[in-house]
Amino acid sequence: NAGVTQTPKFRILKIGQSMTLQCTQDMNHNYMYWYRQDPGMGLKLIYYSVGAGITDKGEVPNGYNVSRSTTEDFPLRLELAAPSQTSVYFCASMRRGIEQYFGPGTRLTVT
Amino acid sequence: DQQVKQNSPSLSVQEGRISILNCDYTNSMFDYFLWYKKYPAEGPTFLISISSIKDKNEDGRFTVFLNKSAKHLSLHIVPSQPGDSAVYFCAARGNYGQNFVFGPGTRLSVLP
């Protein structure tokens with residue numbers, strides 16, 4: 001099993017550009033999450049999903065959108081990139097319970 | 001308004017000694033607490049958890065203690081090894097078991 005995979009690993013965006021961060025898991029987990037981690041801060045929840053077709057906002061959803069059309073994929077969309085979105089983004093999945101499995105992260109810089 | 005706090009940004013410990021990482025929380029509705037370990041350029045990995053109805057959970061060198069009345073938990077690593085050098089995040093489960101709140105992390109350095 002590959003676990004949770006994220007692409008790309010790194011990306012530089014100009015202000016106002018759009019992009020999609022990809023997240024795929026092969027563990028048949030129901031729950032999937034997107035977090036961002038700013039320097040010196042913990043992980044902040046952006047969006048999460050409890051199953052295909054169901055998504056909900058986390059603590060910091062503004063400027064982002066998600067969709068969950070399959071169990072495996074949970075892409076995160078940035079529509080109009082802003083410097084405040086410069087961060088490291090982590091995707092995670094969980095079958096049911098308490099242990100989340102994290103991807104390696106995407107480091108995004110918006111200039 | 002941080003619901004999960006880790007007030008020590010960093011900690012240095014000699015190899016073989018005990019490492020104690022602390023975490024405080026404000027929300028009494030959290031039902032599980034977890035510790036994750038993170039190496040540079042990798043995602044966090046689950047280390048150990050404790051239910052809010054327990055006061056101790058042990059797994060090898062790692063023990064987590066929970067003091068509900070003080071809303072405080074701690075992670076003990078004995079003996080500490082250089083490979084334990086990483087950032088440790090404390091997390092709590094809330095919202096009907098669907099999502100989690102993370103603390104800012106403590107960077108542990110175990111010196112040989």
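The values are calculated or read from the model by the stated rules, or taken from the named source; none is laboratory data. All of these numbers come straight from a predicted model, not from anything done at the bench. When we count neighbours, we look across all protein chains shown, and the Cβ atoms used for this are built from the backbone with ideal geometry, even at glycine. Side chains are part of the model used for accessible areas, which takes the heavy atoms of the whole protein and leaves out ligands, DNA and RNA. Shrake-Rupley method; radii C 1.70, N 1.55, O 1.52, S 1.80 Å.
Things to note:
- Residues within the reach of a label modelled at residue B:52 (point 7 angstrom out along Cα to beta-carbon, backbone nitrogen below 16 Å), restricted to segment B:67-94, are B:67-73, B:91-94.
- Here segment A:1-107 has 50 percent of its accessible surface on carbon and sulfur atoms, given a 1.4 Å probe and all protein chains in place.
- Relative to its residue count, segment B:4-111 spans a Cα convex hull of 92 Å³ per residue.
- Placing unit charges on the Cβ atoms only, positive for Lys and Arg and negative for Asp and Glu, gives segment A:4-99 a dipole magnitude near 160 debye about its Cα centre.
- For residue B:17, residues with placed amide H under 5 Å, excluding near neighbours: B:80
- Distant-in-sequence amide H partners of residue B:109 (H built 1.01 Å from N, under 5 Å): B:11, B:12, B:13
- Using a simple spin-label model with pseudo-atoms 7 Å out from Cα toward Cβ, residue A:14 and residue B:2 lie 3.8 nm apart.
- Solvent-accessible area buried by A and B, counting both chains, probe 1.4 angstrom, square angstrom: 1600
- Ranked by how many other beta carbons lie within 10 Å on average, peptides B:9-20, A:18-29 from highest: A:18-29, B:9-20
- Using a Gaussian network model of chain B in which every pair of alpha carbons under 10 angstrom is joined by a spring, one finds that among B:65, B:102, B:46 the greatest mean-square fluctuation is at B:46.
- Over chain B, accessible surface divided per residue gives 49 Å², non-protein components excluded, 1.4 Å probe.
- Of the residues A:57, A:14, A:44, the one that moves most in a GNM of chain A with alpha-carbon contacts below 10 Å is A:14.
- Span per principal axis, largest first, for the Cα atoms of the protein assembly as shown (Å): 49, 38, 36
- Cross-link partners for residue B:5 among the lysines, with Cα-Cα distance under 24 Å and sequence neighbours closer than 8 places in the same chain left out: A:44, A:57, B:37, B:38, B:54, B:56, B:68, B:71.
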